[in-house]
Amino acid sequence: MSLFLCGEITIKNLKMSDTIAQIVTPPYPGAVGIIRLSGDGSVPVVQKIFSNKSFREAESHRAYYGYIMEGGTPIDEVIVLAMLAPRSYTCEDVVEIQSHGNIHLLRRILDVLIAGGARLAEAGEFTKRAFLNGRLDLTQAEAVCDIINAASKSAQTAGLRRLQGHLRGKISNIRQEIIALVAEIEVSIDYPEHEMEQGNIENAKIRAEKILEEIREMTKNADIGRVLQYGIETAIIGKPNVGKSSVLNTILKEERAIVTETAGTTRDTLTELVNIGEVTLRLTDTAGIRETSDCIEKIGVERAVLAAKNADLILWVVDGAQRDADIENVLKDTDAKVIILSNKSDIRTECVGGLSVSAKTGAGFDELYKTINSMFLDNLTDIDVVCDKRHIELLDKTAQALADAINTANLGFGEDFLTQDFVNAYKFLGEIIGAELGDDVCDTIFAKFCVGK
Ligand SMILES: Nc1nc2c(ncn2[C@@H]2O[C@H](COP(=O)(O)OP(=O)(O)OP(=O)(O)O)[C@@H](O)[C@H]2O)c(=O)[nH]1
Ligand SMILES: [Mg+2]
């Protein structure tokens with residue numbers, strides 16, 4: 001069943017007519033904290049607990065000042081905004097309460113709202129309502145999450161463009177082209193006098209090839225899109241004592257990992273997020289890789305090898321000329337990009353290739369940051385790079401269906417075989433924007449959202 005066709009929609013037995021409430025700002029101290037309500041009861045519920053009596057005639061998009069009351073006691077001084085349907089995030093009546101940004105205070109206000117008739121919103125439920133009420137398609141709803149979590153400036157820009165409907169527009173246009181193709185083929189089947197001649201099938205094939213090209217272009221930079229959206233998984237690896245932990249500390253600009261002159265200091269992996277220019281690294285320090293009989297160090301080495309295997313980028317730290325066969329073996333087992341850091345340049349003159357750096361003085365690190373940024377950003381020609389695993393999988397399925405259609409045409413099969421492949425492609429694209437989607441898929445997608453969105 002298409003969700004767009006639902007009348008009164010019930011999700012997990014929760015009716016859309018419920019009024020939902022949740023804290024929408026992060027759970028740590030801030031100047032302002034916001035609680036959002038959505039649903040028919042939003043205004044009446046707030047009226048019960050708000051000292052400003054003019055809110056009884058709440059006007060849309062107007063700010064009201066006053067106190068949230070519990071019994072006869074004020075809880076906090078607040079600004080209340082009503083955004084009445086349909087001019088709101090969810091297309092329903094929405095009220096936002098801006099209080100001071102203290103989590104205990106926000107929870108107290110939330111409790112009063114729940115006692116007044118609202119219920120706690122589930123993760124993603126505000127955005128799910130915006131989707132179900134037709135204000136956003138699925139790519140736009142997902143873009144909300146992508147913007148919140150974007151790990152780079154370019155991912156944030158791409159997320160905003162998806163929110164503005166660029167991906168939806170592109171997908172919708174391609175669907176139109178496919179359905180036009182199907183319609184032409186159908187006509188030739190229904191009215192044999194218009195029967196498609198071989199020339200027409202050839203024409204359909206050429207158009208399918210053009211669409212296929214367009215889809216492949218969209219997924220071409222998907223790997224880069226993914227790392228820009230989620231952060232570049234970066235492992236620092238090398239022999240013991242070459243300065244891996246020192247490199248981590250220099251990049252983080254803090255003494256995060258223990259550094260000593262004893263080889264084998266780091267045992268466990270240690271991961272931190274850090275922004276480098278326009279990208280974010282998920283930077284992992286690892287144990288030095290070497291043969292060892294120490295069972296704890298052995299586990300550390302296994303973890304280092306695994307970190308290298310799962311990395312998008314490896315910083316291979318070497319101390320002077322110590323390139324090593326053990327490490328070269330580890331690198332054979334990964335698709336990661338590799339940058340060699342020839343460390344301790346302050347006390348050595350030889351450099352084995354790669355970048356000459358000193359974790360001690362910080363020399364060479366600006367060059368490293370530039371190298372990483374251009375490695376991931378320079379080839380990014382299309383700003384609308386696709387990064388969502390769900391989108392990529394569906395685009396791949398679409399490409400396969402189109403390739404099947406082209407193959408069918410090449411083999412000289414009849415028009416009805418062609419139609420089936422095109423209809424499949426049309427459906428896969430429909431799943432991306434949410435025009436063809438089961439309730440279970442919808443729930444899974446929105447469950448990934450953060451609370452309050
Ligand atoms: N002179 C100089 N010494 C450095 C530099 N980087 C690290 N060291 C020293 O090299 C030694 C080892 O540094 P670590 O950062 O602990 O090396 P590691 O690769 O993490 O070592 P393990 O965890 O044992 O594998 C320490 O004494 C550091 O002070 C550098 O750029 N210059
Ligand atoms: Mg270390």
- request: For residues that are among the acidic types (D, E) and within 16 Å of S246 (Cα to Cα), tally how many sit in the range 313-364.
  value: 2
task: Sort through L228, L273 and tell me the only one that's surrounded by fewer than 21 Cβ atoms within 10 Å (Cβ to Cβ), farther than 22 Å from S342 by Cβ and touching a Ser or Thr at 6+ places or on another chain (Cβ under 9 Å).
output: L273
message: Return the residues of the range 263-288 that are more than 11 Å from ligand 2 (Cβ to nearest atom), out of contact with any Gly (no Cβ under 7 Å at 6 or more places or on another chain) and of a type in the set (V, I, T); say none if nothing qualifies.
response: T271, V274, I276, V279, T284
- prompt: Which one of the conditions (1) surrounded by fewer than 20 Cβ atoms within 10 Å (Cβ to Cβ); (2) at pLDDT below 95 does E415 fail to meet, given that it meets all the rest?
  reply: (1)
statement: Screening L355, L394, L341 for residues that are touching a helix residue (DSSP H, G or I) at 6+ places or on another chain (Cβ under 8 Å) and free of Cβ contacts under 8 Å to residues at least 24 places away in the same chain leaves only L355
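Considering only helices (runs of 4 or more DSSP H) fully contained in the range 233-334, which possess at least 2 residues that are away from ligand 1 (no atom under 13 Å from the Cβ)? Before the answer, list the steps.
Values: elements: 244-252, 295-310, 325-332.
So the answer is 295-310, 325-332.
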- line: Heads up, the helices (runs of 4 or more DSSP H) in the range 87-175 (entirely inside) with at least 1 residues that are without any contact (Cβ under 8 Å) to a residue 24 or more places away in the chain, out of contact with any Gly (no Cβ under 9 Å at 6 or more places or on another chain) and more than 20 Å from Q22 (Cα to Cα) are 153-163
message: Is it the case, given these coordinates, that F376 is more than 19 Å from S245 (Cα to Cα), under 32 Å from the mean Cα position of the chain (by Cα), more than 16 Å from ligand 2 (Cβ to nearest atom) and crowded, with 16+ Cβ neighbours inside 10 Å?
response: yes
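The values are calculated or read from the model by the stated rules, or taken from the named source; none is laboratory data. Just so it is clear, the structure is predicted and the values come from calculations on it, not from any experiment. Using ideal geometry, Cβ is built from the backbone for each residue, glycine included, and neighbour counts are taken over all protein chains shown.
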